[in-house]
Each structure stands twice: as C-alpha cells, then as structure tokens.
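In what follows, a structure is listed as structure tokens, so that the remarks can point back to it.
The values are calculated or read from the model by the stated rules, or taken from the named source; none is laboratory data. Every value quoted in this text rests on a predicted model; they were computed, and no experiment measured them. Cβ placement follows ideal geometry from the backbone for every residue including glycine, while neighbour counts extend to all protein chains displayed.
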Amino acid sequence: MLWKKILLCFLTISISFSAIGCSGNKKEIQRLFIVLALGVDSTPDDRIEVTMQLLNPNVSGQQTGGTDGASGRDIIVLSGIGDTFFDAVFQASKSMSQVQHFGHTKYIVIGETLARKGIGDLVDSFIRIEEFRLNTPILITKGKALEIVKLQTPKSPIPAIVVENLFLRQEMIGYRPFSYLLDFENSLTNDTTSAVLAVINTSKPSEDTPDKTFVMSGTAVFKKDKLAGYLTDKETRGLQWVNGKVQVGSVTFVSEEFGKVSCEIVKSSSKVKAIMDGDKISIEINIKTTSDVRRISAKIDPVKQPEILDRIGKEQSKAIKNEIELALNESKDNLGLDIFGFGEAVHRNYPKEWKKLQKNWDSLYPNIEVKVNVDSTIRSTGLSNKSAK
Amino acid sequence: MFNFIKKLFYKTDKSSEFQYKDIATAINESFNNTTNNSTASKKITPSTDIEKNKRYITTVFQKCSDIMLRELNITSNPNYKAVCIYIANMIPTELMEDTVLRKLTQAPQDSSFPTDIKTYCMSLLGVAEDDMLDDMNKIVDAIVEGELVLFVNGINKAFTVDIKRPPARAVDIPPTESVLRGPREGFNESHGTNVCLVRKKIKSPNLKTEGFKIGKETKTNITMMYMSNIANKKIVDEVRNRINKIDIDSVLGASYIEEYIEDNPFSIFPTIFRTEKPDVAAGKILEGRIVIFVDTIPVALSVPSIFGEYFMSPDDYYLRFYVATLNRWVRMLAFVLSLALPSAYVSLITYHQELLPTSLIISVIRGRANIPFPPMFEALFMVTTYLVLQEADVRMPKTMGQSVSIVGGLVVGQAAINAGIVSAHMIIIVAFSAVASLAVPTVELQLPLSYARVLLLILGGFGGMVGLTCGLIAMIMHLLSLRSFGVPFLAPVGPLKPSELKDIFIRAPLWSLKKLPKTITWKDSYRRKGRPATNPITQENKERQN
Amino acid sequence: MERKISPYQLFATMFILPYGSAVLFFLAPDAKQDAWLVILIYILPGILLQLVHIGIFKYYPNDTLVSYMPKIWGKYLGIFFSILYILYFEYLSARVLRDFTGLITISAMPQASRIFIGTLLILTVTYGITTGFETICRAAEILFPLMILGLIIAYVLLFATKNILVFNRLLPILEDGLITETLKSWKLIAFPFGEFIAFSMLYRTLNEPQKIKKIVSWVIVTEGIALSSISVLFIAGLGVNYSTTTNFPLLETLRLIHVGGFLDRLDILIVVTLVTAGFMKISIFMYVSILGTAQLFKVKNQRYLAFPFGIMILVYSELIARSYPQHIKIGLDFTVKYIHVPLQIIVPIITLVIAYFKNNSKRLPNS
C-alpha cells in the first residue's frame, strides 16, 4: 500500500506542474496580424523607421472579384519610429489591436540611406528572430522603403505576393542576384566576398500605365555591411553569368554577318577556377550555354549549312563575354569589391597559400587577371529553319 | 470519502481492516451458496409412479403456463400410462404428434407386444438405455432446454426426444458487414445453424467443435471451432481454460464472453475480432484461429486477433489484388486522417501559424473573423455534435427519419456558418474525419476512433504539435504492448517479421500467400502452392503460336 | 528478467539512441568543412570503445553494467561505481530532456514554458516504460525505417530545391591536414559515439549473444554514415560559418526546402521527428537507470519506479542549466571532460583489465 501513497503524491505534483503550463502559451489565429512585407528606413535623426504591410483581417472572404478590385482594403500599412528595429515595431504596435506575426513575411526591403549606414546589426536581429525564415528575400531600394511597402497594385489585392512572384521570376532571367537572408549573412561573415542584394524601385507612371508598379533594377554592392555602389542591369547579368544562374532570357547582339541576332537561352553553367603562377593570381571562368535562335536579320538556311550555327554561337559568346567584362570592370576598377567570390575560389584551389593572402585580398583583388571563356551551343533555330521572308 | 483519505494516509487499525475483509468474505460466501445450490445438489431419481413424477414436475414448474403436460396411453392401452412434458412454443404440435404421439399410441402391429414396455418405447423412439435420464435435476434441465420428456408409468427413468424448433430468424444478409462481391449469408441467432454454416464451407474431420454451457441461469451453449492440424495447441488450450473458468450468471451477448476472456480489459482497442459472416469465420479458422459461437447471438468471436485484421474486409479477397491493395491503403489513410486531422488542424492554427501556406492562412483568418470561440472549443463542439448525431442515427425509428436528417443537416451546415458559430474550414475538417472513420471496415474500431479523436484533439489544443505527437506516441506504445492470447497485437509490424507483411499493407495475390501465418500458428508450413507454371490454356496458346 | 530481443531490434534501438540528438547539432565544428570526413574517421575509435564494453560483457554474460561492477571491483567500490553509473544515466536523460525542451521552446513554441513541454514528454515516456522494455524495442523497430526514410526524403527535397545546396562549400578538403583536424575533434568519441554505453545494461537481453560484435559494429558504421551525411547537408546548405553560429542547424536547413511552390513549410516534420527521437532517447536512458536501481536495491516490481524517476528527471532537467547557451557550454566543456571521458572510456578500460586478470586467474587452476 505504500507505493499507492507515493504514487498519489507524485501524481498531484505532476498535475499541478501541468496546470502551470496551460495558461498563456496560445496564440489565437484571429488575434494575429500577419506581416506581409517589412520595410526599414533610417530617419534624418539617425533613428529607424519600420513600415509594415499587414493583412486586414476584417474583410469577409466572399468577394466576387469586384470591378474596382481591392482598393486598399486588404492590407493595412503601419509604421513606427524607434532607436532599434524592435523599438520601432513596438511604437507601431501602439496602433495595432493584435500581435504581429512575422512568419509569413514575403520580403524585407531596406532604404538606401540606412543601407549606406550599415545593416549588419539589423540582419543579425532578423536571423535571431525565429519567425523569419532564412529564405526571405532582402531588397534594397533607391528611395525610401516606405514607398515600396505602401504601394498598392491595382489588379492584385496583396502586393506582397506580387513582389514575391516578381522576385522569383527575375531570378531565372538573371537580372537580379541571389539575395536571400542566408546568403547575405554568409557573405557578411566571409572576410573576402562582398555581399550583393537586389534593388527594387517603383516605376514612374506614364500615360499608358497610370498606376505605379514594381521594377527590379540591378544590384546593390556592399562593402562589409555598408552600401558601396550599384550595378546596372547588364552588369548584374554579367555577375549572374559567372554564378551560372542565367536560365532564361535572351542575348541580343549585332554581328556583321548576321545582323541583329537574338538568341533565347535554354540553360547555362559556369566553372570558376583559380590558378596561381608564383605570386600571380589569375582566375579562369568557363561558361557553357545552350540557346535557340529567335531573331536573325540575315537570310540563313541552316539545314544546308549547319556550321552557320557554330558561327552564330561564336558571336553569342563574344556578346556574353562583353557582359561579363562589364561586370568585372565595374567590380574591379570602380568598386574594388570581390562580388564574384574569387577569393573563395583561391581558397578552394590553394588552401595553404590562401592563409597568407587572405588579409591582403582587398589590395590584391583589383590586380588579378581574369580570363573568360564562353562556349555557346546553338541548339536549334526554333520551329522554322529557313528565314521566312 | 473521508474514510478513503484516512485509509490512504494514516495507518488503519487492525480491527477495521478485519471488518473490511470480513465483509468481502461474507459476500463471497453468499455468492458461493447460490452456486452451490445448483451444482452440488443431490441426485433425485424419478419414481416408478407416474403421478409422483407429475406432481414433482408441476411443483417445480408451478406458475409456468407454457410448460405442457400431455397424458397418453401407450398403444392405447390404459394400463400403460405416459405423460409428455415439453415447452409449448419450442416444439411444433404437428411435429410432435407425427413423430412421438402417433407412434406411441398406435396399436402394435404384431402380437409380440410388450414383453417390456421399456424396450418397446426404446425401440420406437430410438433411444438407448444410457441416454435415458435418471436424475430429476437433469430432467428439469432437459425440459428447460426445450426437449420433449416422456415419463412412463413403471419406469424410473425418463425418455428425451430432441425435436425442438425454437423460433429463429432466417439466414439473412448481415446488416453491419456488406460486401460488393462474395457470399451474403450471415449468422443468425441459433448456434446450431451457425456451426452448420461453417461446416458447409470446411468439409474436414479436422474441424473440431468443442461445446460448453456457460451461464447459471441462461445455460448458453458455447461452441469453440478450430482446425486441429493448423491451430496452435497452446492457444487452443488457453482458450479452453479461460472459457471453463467463466463463472457468470447469464450470457446475453457475445461481449459477456468477450469481456471475461480478453487480455486487456482496460484498453479502448478490441483484442477479439467479431464477424457476422460465415466465409470470414471459415477464413479465420483456416488461418489457425479459434472461432467461438454463442447461442442466441448472431456473432462469431475469433481469437487471437491482430490489429491488421481490423482493416481487412472480406471484399479484399474477392477482388483483384491491385484493387484490394489500394483499398487497404485508402482504409489505413482514412484511419490515420480521421484520428489526427482535427487535432493537427487545431494545433496548426493555434500554435504554428507559420507552417501553413500564406494563402491558406489568409483564407482561414478571413473565415474566422467573427467566430467567438477559440479553435479547440469550436472543434470539440463540432465533434460532439457529430457524436450526438451518430447516436441519434442509430436510434432513429424509420418513421421519423426524414425530419431528423433535415434538422441535422441544418445544424451542421450552412446555417451554422452563417450564424457565425463555426467556420467553414472547421466543418470540412470535422465532417471529413467523421466520414473517414466509417471507411474502416469493422465497427469495433470505428467507435474507439471517435473517442481517441477527442482525446488527441484536447492534447493538440493544449500542447500544439508536441502534444499531438506525444498522444500518438502514447497510442502506439499502448498498441505495441497489447497481446491477444499471447500473440503481439501489432504483429507482424510490432516485432517486425517481413515475411508476414504480405497480407497487411498489401494484399498479395492469393497464389503467393503460400505459407500459414506464422504469428498465429507458430508453424512454418505450406498451405498452398504457387500458380502452376504451365496453365493448360497458355500451353495451348503457345502451341498455336508455334 | 526481461524478455529477449532479436538482433534487429537491438540494431534499431542502438541506432536511434545517438541519432536522436546528434542530428540536432553541428558535430565537429572545429573541423569546419571537413566535419563529415572527421565523423567517418571516428567510426573506428567508436567501434574500439564498444569492443571494450563487449569484452567485459563476455566475461559476465548474464549481468548488466550495474551488477558486474561489484563483482569486478569488490563490494564497496563496485557499488559506488554502480550508483555512479545510475546517476550518470539519469543525468544523461535529464540533459536530453533539456536539449529537446529548450529547442522546442526556442524554435516552435516560444511562449510555452519548458516545464509544460517537459511534462508532456515525461508523461508519455513514463507510460511507455510502464508497458515494458520490449515495447520500446518494438517501437524502435518501426521507427528506425521511418527515420531513414525521413532522411532520404529530406535529401531528395533539398536536392530538388534549386540553388540551396552548394557543394563547393565542402571544398577545400583537409585544409588543415588530416591529423590536426582529427585531433581537434576528439570530443566526437564521447558524443555521439560514446553514448552506446547505455547498452552495456542491455546486452544480456539479446537472444543470440554471439552476434553482438557484428551488430554493434554495423550500428556504429551506419550511425557514422548517417551523421556524416547530415553534416554534408548542413555545410552545403547553410555554409560552415552559419552552421556553427546557429543553435538549430537542422531546422534551418529544412526551412530552406521550397519545391514546386507548395512543399514549402516543412518544419512540422522537425517537431514530429524531434519529439519521437527525444521520446526514444529519454525512455532508453530512463529505463536503463531504473533497471540499474532495481538491480542494486533488489526491487521486485520495477514498473512502480517509472513515475518517481520521471518526476525526478523533469525536475533535474530544469536545474541543470539556467539558459540554453549555458546548457550547451556545460555539455561541450564540463560534461565531456569530466563526466563522459572518465565514465565512458577510462573506467571501462580499467574494468576490462581487472576482469581479464580475475577471470584468467580463475581458469589457471583448471588448466
């Protein structure tokens, strides 16, 4: 009978323990404010302004795709100013009836002024919050992040999803670099590689399209955690060629033989190798692409002369090489920052020497020699072979 | 109540303990007294005087108006008086008159009449000397069983003739187990018919039928059937022991027997399988199981049972094996979904909102905008409504069917959503899980499922995914620890035996299930061979091609 | 005396034990991008260490760790060691519980209190133990293929997500030289490869004792390969720097999965795997300490010990550290140096030597 008494004692202790835990650990779903997009700016007096695009929970789900769309009823934009990110969020929450939930944030956008001051601490905070997923895109904008977050696209009710789709699509085209939270963090902790982030702006309204939309425009290059410069669209694509990430898109070039040619890229891959010749460092980049011809001025008959395609391929290689060299020049000469990861290439191929070179990489980088070899294969000329005209 | 606490925490003094024990023994003794009356009673021989026997019977059966006494004269000779005692509705009058009365009252054809009235009756009725009853207690038992008892003046033993035809239902389609293809006979309330239905399928002298009479007042016939060359002798002995040990006053349902012989009385999962179809019972017997029939109950109990059995429907073996395998997967999926889906949904939207896709979250938030209750209570409310509807459905008399189903539909359906009491997503989830529970073929598993679902719902509602996973693990550990007459309940998955898995997750073609299931029979023997490599038809085809 | 278990059951249970918590951490952070290689190298010392334990077991085939200590070391010292080992297993059980509750509160349910999640887990574990050790082995039998399947699915999904796995991060191989890197990660032999010591209590339940060496070697090899492949995933998916910074590399890696637009948020698998693996690990360690106590104090019905031990371990898990980083630091520094190494390596080796001399000298008069 003794064991029964002991059992009862322990039972009471354990039940009282669990009663402690029952309170206060729930997050009710209708009391959550889902943050769809986050924008961070810096104010003129060195404080942080946070703008959040929140889902409006009070709209009934029975909209029959109304004619004037969701004129701003689906999202709510709130902003707050504080000394740190969390402070600013807290200030914004003073007008929120519900707790914000970052688990579904589609992207984070950072204003240029804040980027120039340095965003290392901010990104560190983001990583510590367990609600942010590591594959959240980070974007930079040339103006204020507020504008991007506030923008309501006319046709789709939730602009954050518009940006998300835009981001994903542009990745394949190659006009924006890989800029997730994880990559930025990895580049920050790496001593030699510089971080790059995509840039998003609002488009200027014109006669045909009176409403503003989003436009991805180029890349922002960072020195450590401060914004140092920009790359244009073409230079961005050069960067992506080196990274082997261009999967879709077209290359247009003018050649004497064929006139203006446009080829559509099917796939591409790249290999970066470091070669050390004594003290001289050189990098060899080998790029392979496959593409189809889509527009060609000259009259060709590839069935009779298949070697035409080889010549077109050589011309295309030259054009791609130009793009890459644009990027290389910008990075080496103007910015002096290793955005391609060449330092890591040297690390991989020559680990022992890298230990000595690592400290001086900043001064060594502008002087390295880069050889670019592009090998394009033209797979076909589309559905028709002869020129139609 | 206070006594209970006192007993638990303070030392009880010896006298009160003694008192407690005393009461218990007193109860036991009184119980034993009642049992002693009927078993250890002395033998009473009938007298040769028929009037004395008649008086004894009428006193024992006083106020029983359905016990008939019919007096007759054997060979119409008033010197040879006899009386027939029987229960009126058990024996149809024409049958009795044809087989017994007419024969007895006929005048003898040849003149070599009765040297001895006893041998004359014995030869006429076809009863041997040893079969005649000489103990009044046994005669009373025989009358109550429904047999015809004949007392003849001058003989101190009684004749019994078994011509009883108790009222019984016809052999009909079983209401709870319906199949697409396959035989549609079902057991009925007479255990003689049931045993016979199985004998029709298994024509072998190895099919043993052992009989017991259980229940002091009901004296129900229990029959145990098994194949002596297939079933495991240890399990057969164990079943026999357990049935013999049952000390009960009445057996009114198969569950009376089931609850006495099962291994795990406190588990929500059944460890004894029930079926209402003879082909299923025959299949189980041929796999080495033991089937128990209880008189007046149209159900066969089969032991030992494993968890996989509850997902098998007899249709599986009558359809092609691809279809059967897919059907089995659908059932298992339905079981798991029915159990865990409401709890998973509630825990995801309460604790782990980042795990749902954004568009789903948006629609859930919009849908729940005005719902007053937290998700867990909403789900509990819906599940309870469904349980109530389920009970009402069973009790519903056919005349009231239409109106009740309309009202039920209204409560659960659109009106509730429009009133803002529940959200549409919750209704879909709960309704789906309720319907999915019906996909499990055996009723014994459907009902525990409803209650296990509620338990998991509460765990998930309070503890999130951690709570749900802990609940599922506890359930699995419980299932793993169950044994049914020595066979692990989750065999062949529990202790993993890959060779036995052919009939659990998939339904392998019948020609590949060559061996007996080792987990039940503990034997390693073949029961059938594979398909013949040269079927006569393919042989002909080949020759035609060549 | 417990029921016997089959070789496959032993294999499955032994595999799940270190796997349960080793997948949560980035093992061998000192070896940087060669962590996977170092884990594979340490398979061999792991096997050697277990051979020491099996050697002692062979001299006393019907005894567990707790019951042969008095026979080898003498009454007082032996009982002292037995008690030490019982406390050690309880401590490990509490550590694992703290690991799991800490991680679940950090990542999945930040507002739940640790005690609450701990109570849920401990109640389930206690219930599992009262059903007997055989049930735990059967559960391991089923869980082992499921865990391997889960690993393979994780691999497939990660490969299917574009741009996540960058195998260049695994280069350069052996940057600092093989020997330096191997020696820097010496702690691997204590965690995870040293945790098999719990099975010294359970070797006697195997129904085919001659297969022990084979089974244990295969388990350690499989374990090493599985853990090494997970390290490869971490390095290729997250990069070496982030793998060492983060508290929960497995969660972060699985969060990167994004296949086809809908297979996106698979963290659920993490919680389910965590709870299941944690359950198995805590129940095995708790069962082993209960078994030891029952043997030492001659308790007849060891089921009644489960509940008090459960409460004790729950309370213990709260007391061992004040915060999660402190818990990790204690685990990597103090526990490895002063608890794991003596109890897993030094004491068994000395025990083996003494047992050898004792048993050989017993045989001498006969030969």
- Taking the condition at pLDDT 85 or above and either within 14 Å of chain B (Cβ to nearest Cβ) or not in a helix (DSSP H, G or I) (or both), does C:GLN9 pass? yes
- Residues that are under 20 Å from A:LEU326 (Cα atoms), in contact (Cβ under 8 Å) with a residue 40 or more places away in the chain and not polar (S, T, N, Q), drawn from the range A:249-260: A:GLY249, A:VAL251, A:PHE253
- Task: Scan the range B:438-451 and give yes if some residue there is within 13 Å of chain C (Cβ to nearest Cβ), of a type outside the set (A, V, I, L, M, F, W, C) and buried (at least 19 other Cβ atoms within 10 Å of the Cβ), otherwise no.
- Result: no
- Message: Tally up the residues in the range C:241-292 that are among the acidic types (Asp, Glu) and at the interface with chain B (Cβ under 10 Å from one of its Cβ atoms), please.
- Response: 2
- Note on the range A:338-386: residues within 14 Å of chain C (Cβ to nearest Cβ) and either surrounded by fewer than 13 Cβ atoms within 10 Å (Cβ to Cβ) or more than 22 Å from A:LYS223 (Cα to Cα) (or both) are A:ARG348, A:ASN349, A:TYR350, A:PRO351, A:LYS352, A:GLU353, A:LYS355, A:LYS356
- Could you please find all residues in the range A:169-209 being surrounded by fewer than 17 Cβ atoms within 10 Å (Cβ to Cβ) and part of a loop (DSSP other than H, G, I, E, B)? A:ASP191, A:SER203, A:LYS204, A:PRO205, A:SER206, A:GLU207, A:ASP208, A:THR209
- Message: Can you say whether C:ARG265 is surrounded by fewer than 17 Cβ atoms within 10 Å (Cβ to Cβ) and without any contact (Cβ under 8 Å) to a residue 12 or more places away in the chain, as far as the supplied structure shows?
- Response: no
- Qualifying positions in the range B:456-479 - aliphatic (A, V, I, L, M) and either closer than 29 Å to B:GLU276 by Cβ or away from chain C (no Cβ under 14 Å) (or both): B:LEU457, B:MET475, B:LEU479
- Task: Pick out the one residue from B:ILE417, B:ILE427, B:ILE406 that is part of a helix (DSSP H, G or I) and more than 24 Å from B:VAL454 (Cα to Cα).
- Result: B:ILE406
- Task: Tell me, please, whether a residue that is in a helix (DSSP H, G or I) and under 30 Å from A:LYS226 (Cα atoms) can be found in the range A:372-387.
- Result: no
- Item | Pick from the range B:211-239, criterion surrounded by fewer than 19 Cβ atoms within 10 Å (Cβ to Cβ) and under 17 Å from the mean Cα position of the chain (by Cα), ranking: farthest from B:PRO304 (Cα to Cα) | B:LYS213
- Task: Could you grab me the full set of residues in the range B:368-382 that are crowded, with 20+ Cβ neighbours inside 10 Å and not basic (Lys, Arg)?
- Result: B:PRO375, B:MET376, B:GLU378, B:ALA379, B:MET382
- Task: Answer yes or no as to whether A:LYS321 is surrounded by 15 or more Cβ atoms within 10 Å (Cβ to Cβ) and basic (Lys, Arg).
- Result: yes
- Mind listing whichever residues of the range C:310-324 are more than 10 Å from every other protein chain (Cβ to nearest Cβ) and either crowded, with 19+ Cβ neighbours inside 10 Å or touching a Pro at 6+ places or on another chain (Cβ under 8 Å) (or both)? C:ILE313, C:SER317
- Item | Residue tally, condition farther than 30 Å from B:ILE50 by Cα and not hydroxyl-bearing (Ser, Thr, Tyr), over the range B:151-177 | 10
- All but one of (1) outside the structural domain of A:ILE127 (by TED's automatic domain parsing); (2) crowded, with 16+ Cβ neighbours inside 10 Å hold for A:LEU166, so report the exception by its number. (1)
- Item | Subset of the range A:136-159 (residues that are more than 14 Å from chain B (Cβ to nearest Cβ) and of a type in the set (Ser, Thr, Tyr)) | A:THR141, A:THR153
- Condition set free of Cβ contacts under 8 Å to residues at least 12 places away in the same chain and crowded, with 19+ Cβ neighbours inside 10 Å, scope the range C:97-155, selection nearest to B:LEU490 (Cα to Cα): answer is C:THR135
- Count, please, the residues in the range C:61-88 that happen to be buried (at least 17 other Cβ atoms within 10 Å of the Cβ), more than 30 Å from C:GLU181 (Cα to Cα) and not β-branched (Val, Ile, Thr). 11
- Message: Residue under question is B:ILE91, and the condition is that it be within 34 Å of the chain's Cα centre (by Cα) and exposed (fewer than 15 other Cβ atoms within 10 Å of the Cβ); does it hold?
- Response: no
- Working only within the range B:263-298, note down all residues that are among the aliphatic types (A, V, I, L, M) and either closer than 18 Å to B:LEU449 by Cβ or touching an Asp or Glu at 6+ places or on another chain (Cβ under 6 Å) (or both). B:ILE268, B:ILE272
- Task: Answer yes if at least one residue in the range B:99-120 is more than 24 Å from B:LYS216 (Cα to Cα), in contact with a Gly (Cβ under 8 Å, 6 or more places away or on another chain), in contact (Cβ under 8 Å) with a residue 12 or more places away in the chain and assigned to a loop (DSSP other than H, G, I, E, B), and no otherwise.
- Result: no
- Message: For the condition touching a residue at least 24 places away in the same chain (Cβ under 8 Å) and either out of contact with any Gly (no Cβ under 6 Å at 6 or more places or on another chain) or farther than 22 Å from A:PRO159 by Cβ (or both), what is the one hit in A:ALA145, A:ALA115?
- Response: A:ALA115
- Number of the exception - C:ARG303 against (1) of a type in the set (D, E, K, R); (2) within 14 Å of another protein chain (Cβ to nearest Cβ); (3) crowded, with 17+ Cβ neighbours inside 10 Å; (4) assigned to a helix (DSSP H, G or I): (3)
- Item | Every residue from the range C:27-73 that is of a type in the set (Ser, Thr, Tyr) and not in a helix (DSSP H, G or I) | C:TYR42, C:TYR60, C:THR64
- Message: I'd like the full set of residues that are farther than 20 Å from B:PHE273 by Cβ, part of a helix (DSSP H, G or I) and in contact (Cβ under 8 Å) with a residue 40 or more places away in the chain, limited to the range B:486-521.
- Response: B:LEU510
- Task: Filter the range C:326-341 down to residues that are farther than 16 Å from C:LEU87 by Cα and of a type in the set (S, T, N, Q), then give me how many there are.
- Result: 1
- Query: Residues in the range C:160-170: is at least one within 21 Å of B:PHE505 (Cβ to Cβ) and more than 9 Å from every other protein chain (Cβ to nearest Cβ)?
  - Reply: no
- Just a yes or no: is a residue in the range A:78-97 more than 12 Å from chain C (Cβ to nearest Cβ), buried (at least 19 other Cβ atoms within 10 Å of the Cβ) and at pLDDT below 80? no
